[in-house]
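The values are calculated or read from the model by the stated rules, or taken from the named source; none is laboratory data. Here the structure is a predicted model, which means the values were calculated and not measured. For neighbour counting, all protein chains shown are included, and Cβ atoms are generated from backbone atoms with ideal geometry for every residue, glycine included. Surface accessibility is based on the protein's heavy atoms, side chains included, excluding ligands, DNA and RNA. Shrake-Rupley method; radii C 1.70, N 1.55, O 1.52, S 1.80 Å.
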Amino acid sequence: MDSIALHDVIESFFDSAPPLKDAAKITDNLKKFIESISPVSGEGKGRRVVCVTSGGTTVPLEQRCVRYIDNFSSGNRGAASTEYFIKAGYAVIFLYRRGTCQPYCRSLPDDPLLECFEFADELDVQVRKPYSEAVKGTIRNHHAAVSSGLLLKLPFTTIFEYLQMLRIIAISMRSLGPQAMFYLAAAVSDFYVPWKSMAEHKIQSASGPLDMRLMQVPKMLSVLRTEWTPMAFCISFKLETDSKILLEKASTALKKYKMHSVVANELLTRKEEVTVVTTDQNILVQRDKTRVDSDVEDPLVELLVDKHSTYIKESST
Ligand code: PAZ
């Protein structure tokens, strides 16, 4: 598809998508967040900003949605990476799927309210002993990140919400030039049902087998690179279950979408290792296996922060 045709397909995707609720409020929050850390305000001059996307998008099958197709992602990659980016001095726009893993909460049980707390007496609730350090740490770190203006969390559910929000974020980050980074770890649907051809009400099982045509979601990575935020440093992710095709697919994505790096990972080993694919080399990044609580995101973010520094230096010469 040539670039004019792609442009038209993208515009028609946005024109036919259900309008994003709270678009004005999201834009305003982003403006305030970026102004508070960008050179315009003079404060925190030169701070880098990364948009971390996390979790999977859904594809609704009905407008009054009862059923949907989901994309696998727990959100652990995005949540862990957010913590390491903040530690490295970045401000983070965390675009995440509602209900998935959150930064600083990874050591808490799945249902923290029910499992971490107990009644101290009839009126008061207290943290249960085994969780007290984890809960204090979570509250302390999360509070520090949000109150120092380094973390803005924006939730999505559907593919329509995700892509509309990504576009708003990218356009808002344009003024940051090379200080901006995209770390696109979300698992984004490849196929969708266009809003206008979608059933309004719950699809009835009595009508027999379901025959439904899914359209291809237009690939937005190249417009993100060339139009929305042309100066940003862009990292995308490639997940495969077949190791034989993983690096080839990542390298194709690198060239096709003009990414600065593509992080290649396999479903079963994604928490142990990833390969950072760039134009001149493939770098294997592994979790520190001598520590039980180590994360692969720790060395991964360190490597990408380094590459971002080189990119900023090169952009200013
Ligand atoms: O969210 P998670 O930690 O369970 O998994 C992370 C991941 C595998 C979704 C991510 O690393 C990734 O590869 N995202 C892109 C998926 C894709 O190829 O569309």
- Query: Points 7 angstrom from Cα along the Cβ direction at I283 and N29: gap in nanometres?
  - Reply: 3.3 nm
- Task: Please calculate how many Å² of accessible area segment 3-231 carries per residue, with a 1.4 Å probe and no DNA, RNA or ligand atoms counted.
- Result: 53 Å²
- Note on the structure: Placing each pseudo-label 7 Å from Cα in the direction of the beta carbon, K202 and C65 end up separated by a distance in nanometres of 1.7 nm
- Task: Could you check how much of the accessible area of the chain is carbon and sulfur, as a whole percent, using a 1.4 Å probe?
- Result: 53 percent
- Tell me which aspartates and glutamates have Cα within less than 12 Å of K196's Cα, excluding those fewer than 8 residues away on the same chain? D15, E62
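Given only helices, namely DSSP H runs of n ≥ 4 each adding -39500 (n - 2.57), what is the per-residue ellipticity at 222 nm of the chain, to the nearest 500 deg cm²/dmol?
Computed ellipticity for the chain at 222 nm equals -11000 deg cm²/dmol.
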- List the lysines whose Cα lies under 21 Å from the Cα of K153, skipping any in the same chain that are fewer than 8 positions away. K21, K25, K31, K32, K87, K136
- Identify all lysines with a Cα-Cα distance to K244 below 25 Å; exclude those on the same chain that are fewer than 8 residues away in sequence. K219, K255, K256, K258, K271, K289
- Message: Between R174 and L268, what is the label-point separation in nm under the 7 Å Cα-to-beta-carbon projection?
- Response: 4.6 nm
- Query: If you take the charge dipole of the chain about its Cα centre, with +1 on Lys and Arg Cβ and -1 on Asp and Glu Cβ, which of A232, S189, I283 is farthest toward its positive end?
  - Reply: A232
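Just to verify a number: FRET efficiency for E122 and D293, C-beta to C-beta distance, R0 = 35 Å, to 0.05?
It comes to 0.40.
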- Item | Shape of segment 211-317, Cα gyration tensor, a/c cut at 1.5 | oblate
- Highest mean first, what order results for 299-311, 98-110, 131-143 on Cβ atoms within 10 Å? 299-311, 98-110, 131-143
- Among A250, V262, A180, pick out the residue whose Cα is farthest towards the positive end of the charge dipole of segment 180-280, where Lys and Arg carry +1 and Asp and Glu carry -1 on C-beta, about the Cα centre. A180
- Note on the structure: Summing +1 per Lys or Arg and -1 per Asp or Glu among the other residues with Cβ less than 15 Å from M215's Cβ gives -2
- Query: Where both partners of a DSSP beta bridge lie in segment 113-250, what percent of those bridges are antiparallel, to the nearest 5?
  - Reply: 55 percent
- Please report the relative contact order for segment 3-231, taking Cα pairs under 8 Å with a sequence separation of at least 6, and give it as a percent rounded to a whole number. 30 percent
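Which shape class, rounded, prolate or oblate, goes with the chain when its Cα gyration tensor gives a ≥ b ≥ c as root eigenvalues, a/c under 1.5 marks rounded, and past that a/b bigger than b/c marks prolate?
rounded
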- Message: Please report the net charge: other residues with Cβ closer than 13 Å to the Cβ of D280, K and R +1, D and E -1.
- Response: +2
- Query: If you average the sequence gap of Cα pairs under 8 Å that are 6 or more apart and divide by the length of segment 83-157, what percent do you get for the contact order?
  - Reply: 48 percent
- Message: Quick check on packing: order 73-81, 247-255, 206-214, 287-295 by the mean number of other C-beta atoms within 10 Å, highest mean leading.
- Response: 73-81, 247-255, 287-295, 206-214
- About its Cα centre, how strong a charge dipole does the chain have in debye, to the nearest 20, once Lys and Arg get +1 and Asp and Glu get -1 at the Cβ? 640 debye
